[in-house]
Amino acid sequence: MASISKLVSPSPVSSYSVSGSLKSRSLQPKCLIDFHSRDVFNARVSSSRLSVRNDVVRGSLIVRCSQLEGNGSQIKRTTLHDLYEQGGQSPWYDNLCRPVTDLLPLIASGVRGVTSNPAIFQKAISSSNAYNEQFRELVLAGKDIESAYWELVVKDIQDACRLFEPIYDETDGGDGYVSVEVSPKLADDTVGTVEAAKWLYKVVDRPNVYIKIPATAPCVPSIKEVISLGISVNVTLIFSLPRYEAVIDAYLDGLEASGLSDLSRVTSVASFFVSRVDTLIDKLLEKIGTPEALDLRGKAAVAQAALAYQLYQKKFSGPRWEALVKKGAKKQRLLWASTSVKNPAYPDTLYVSPLIGPDTVSTMPDQALQAFVDHGVVSRTIDSNVSEAEGIYSALEKLGIDWGYVGSQLELEGVESFKKSFDSLLDSLQEKANSLKLVSL
């Protein structure tokens, strides 16, 4: 897994029982430690202080120590717990690789779900030997490379779902989800996306799996169809307000078309991307080059996200929504994706701290998660200054920024990026198979 956390002095307080190839483990970290070094170190925890004996530790070390009650019982707290309990926002982790049990310290530290995508699996599988044994067995069994890929992915998703099932159960299906994306090659294929979603849902066979479907124009009808079949969906690659509204409508249409008397187990999140918006718009502003334009750099993404939250509140209210609530329907939560900072000149919590609000999700890769755990502040910020967000959005339009172009371009880039990662991974698996001398060149 990633170097986001290290377990120190485990205490058997909470237990996660994992079936299959995973062993049961009882873990309760006393500290969340982040470090960017593989050098070995020893740590001791005493009361709320951490003492570290370390001959050679290079890089940064971030520590969030727990506090002990007067009776000596352990209380493990991080800002992620506060984010959920005080801010109403669920922190998820945007990464997945083997061993999935590396997620356990993150769960104990407050992470409540996991997202994955083709780029994440490309990095995980191509850079690790942890998949070799299963891959060898699959190829020897006659599986082609793409079929083998999906079996590797499905195993990781199933194992991660088992880890998060306690959260799913405790929240009555409100949290504890693990997302897996359909093939990016299907981004323009409405029917193919529906069939792929049905297949993935069936083979993963876990109540807390989210099938990820891109919010491309051809896939918006797919979202409606998949929701109507009772399959929970993470709609990804949303970059604009009009497309987000279409995604909400697809969710509502799907619920209404389902024919189910109880809609409580059909849920969804809408993954609204943020940092990539600034990356593109900042380049456009720099081309304009005026002081007014340059002053708006780094402000577009958060402003648009704040307006998306306003749209969310509007759409999930009123008679149409209330009729669905009577059947147990749950809101399609807004999920902030692409939360890592691409421009090092910006604050490292830029796409987390200003987007805190009730009934939302923030999925964070290592960089953003580390930063927020270390120095993030929990406060309701998503609608604290809507008029300012509206002003920024309008000011960008007046400067000639075409929000429609921005959304379309970012969607195109996102789909192409995932396709490239997918193809690259299949190529690397073919090379791995060849190196293992399992298939002929």
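Any idea what the relative contact order of segment 91-240 is, in percent, if you count C-alpha pairs under 8 Å spaced at least 6 apart? Numbers along the way, then the final one.
Working: 212 pairs, mean separation 30.5, N = 150.
It rounds to 20 percent for segment 91-240.
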Evaluate the distance, in nm, between pseudo-label points positioned 7 Å from the Cα of S379 and of N434 along their respective Cα→Cβ axes.
-> 5.7 nm
Would you work out which of Q367, L334, S421 lies farthest towards the positive end of the dipole of segment 78-435, given +1 charges on the beta-carbon of Lys and Arg and -1 on that of Asp and Glu, about the Cα centre?
-> L334
q = 0.06, 0.07, 0.10 Å⁻¹, segment 78-435: log10 I(q)/I(0) [Debye, one scatterer per Cα] | -0.21, -0.29, -0.60
Could you work out how far apart the two model spin labels at S424 and E133 are, taking each label as a point 7 Å from the Cα in the direction of the beta carbon, and quote it in nm?
-> 2.8 nm
Too-long pairs where the Cα-Cα distance tops 18 Å, listed order kept, from K342/K420; K185/K420; K299/K398; K198/K327; K283/K420; K198/K419 = K342/K420; K198/K327; K283/K420; K198/K419
By how many nm would the segment from Q86 to S408 grow when fully extended, if each residue of separation counts as 0.36 nm and the alpha-carbon distance is taken off?
-> 112.4 nm
Going by the alpha-carbon gyration tensor, a ≥ b ≥ c the square roots of its eigenvalues, is segment 302-407 rounded (a/c under 1.5) or, if a/c is not under 1.5, prolate (a/b greater than b/c) versus oblate?
-> oblate
Using alpha-carbon positions, the gyration tensor of segment 82-217 gives root eigenvalues a ≥ b ≥ c; with a/c under 1.5 called rounded, otherwise prolate if a/b exceeds b/c, else oblate, the class is oblate
For K398 and N343, calculate 0.36 nm times their separation in residues minus their Cα-Cα distance, and state this gained length in nm to one decimal.
-> 17.4 nm
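Each reported figure results from applying straightforward, stated rules to the coordinates on display, with no laboratory input. Only a predicted model underlies this, so the values are computations on that prediction, with no experimental measurement involved. Please note: Cβ atoms are built from the backbone with ideal geometry, for glycine as well, and neighbour counts cover all protein chains shown.
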